[in-house]
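The values are calculated or read from the model by the stated rules, or taken from the named source; none is laboratory data. Note that this is a predicted model, so its numbers are computed, not measured. Because the Cβ atoms are built from the backbone with ideal geometry, glycine has one as well, and the counts that use them run over all protein chains shown.
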Amino acid sequence: MGIDLTSGRGRWVLAAFVLLSGIALAGCSLGGLRSDPTKNSSRILGRRVWVIVTTDGGRTLLTRHSVPLETGDTATSVLEKVADVRTSPDGTIAQVNGKGGGALSTFGPLPAAWFYRVDGIESTGVRPDRFRMKPGQSVWWDLRRFDIYDHLPVAVGTFPEPLFSGWRDAKRPLRIAYASGFQKDADFIKRSMFQKLNPNIVPLKGDGGGIGGIGGEDRGAGAGDVNTAVAVRRGYANLVIGRYEQIRMDPFIIDINLDNRGYGITSWIEGTEIWRQDPDMEFSQRLANAEGLVWASTTDGEPDSTIVFVVTGTTDDGVRAALRALRAGSCQFYLACAVDRDG
């Protein structure tokens, strides 16, 4: 028996048939999409990267956007999604929104260029138009002078990166070394930010806990022993917490503090005072009220080396103020971060 499609019942049956057909077709198309998400579109659905643009080592924030990631996107192509970009023949960035080169001085333009870092680590030696971005990463472009600091390997401004991901996803186990009086702070950092990584928590001992040897290793300790009293150890991502006088004798930290510029440290401690020299500053400057400091580098100043991330200060209150500023995001997009005792 046929159904009159012009009747009320017929129209209901026709609508149901169309709906079911639509569901079947949708099921087929969804199945195809899941099997090959790039077949119908080059965009990787639901995956994004952050693009940050600053000048003078993060002093001035120009833009910050989350953009969708597409197949083949590079550090250059994601920048082009948020700004007008002019490139040089060698693939480097010449201008972003008309900004490029150094400011004019008495002797002509100062040497300056656009540098980029991914998840906090400066990407030297890799052309930006060949650096493939991955979902969840951040790329930070900065226009800065390069005559004072040839390179600035690690910035604190994308914390908790690069402690999570490392250099180009070369992840290393996290080691949190804390000085006397900062165990609760280290435990809190572990629980609130790094629980997923299950880091080693290591106390620094100044009496009988070991003598720092060459390269930050303890003499008399096995190479695999992580429970020794050194602040920095190779093969790990190192987060060090303590007053400067408590951590300064670590061999790696000694080397870094002896050559601030070579290791890209823009803020440091001399005695009981905190100093800074940003990439655009001709001379260093004492920070009168600063008591806490966060800085980062690597053990040899190269981006692919062991990460050293230091939360320190001249007083206990200063160290804890620096920790608060770091957790609260107050150090975002800075190379280093100096704070007073109130954070």
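Quick look at the numbers
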| item | result |
| --- | --- |
| Sole residue being touching a strand residue (DSSP E or B) at 6+ places or on another chain (Cβ under 6 Å) and modelled with pLDDT under 90, chosen from G46, G102 | G102 |
| Contacts under 9 angstrom Cβ, first residue in region 68-89 being in contact (Cβ under 8 Å) with a residue 24 or more places away in the chain, partner hydrophobic (A, V, I, L, M, F, W, C) and in a helix (DSSP H, G or I), 6 or more apart | L69/V78; E70/V78 |
| Residues that are of a type in the set (D, E), under 15 Å from the mean Cα position of the chain (by Cα) and over 21 Å from F115 (Cβ atoms), drawn from region 284-343 | none |
| Residues (small (G, A, S) and in a loop (DSSP other than H, G, I, E, B)) located in region 232-262 | G235, G242, G262 |
| Qualifying residues in region 61-85 (those that are of a type in the set (S, T, N, Q) and assigned to a strand (DSSP E or B)) - the one surrounded by the most Cβ atoms within 10 Å (Cβ to Cβ) | T74 |
| Residue match in region 281-294 (condition: among the aliphatic types (A, V, I, L, M), crowded, with 24+ Cβ neighbours inside 10 Å and within 15 Å of F159 (Cβ to Cβ)) | yes |
| Any chance F131 is more than 23 Å from R48 (Cβ to Cβ) and over 15 Å from the mean Cα position of the chain (by Cα) | no |
| Residue count for region 146-195, restricted to those that are assigned to a loop (DSSP other than H, G, I, E, B) and among the aliphatic types (A, V, I, L, M) | 6 |
| Given (1) modelled with pLDDT under 95; (2) surrounded by 15 or more Cβ atoms within 10 Å (Cβ to Cβ); (3) out of contact with any Phe, Trp or Tyr (no Cβ under 7 Å at 6 or more places or on another chain), number of the condition A170 does not satisfy | (2) |
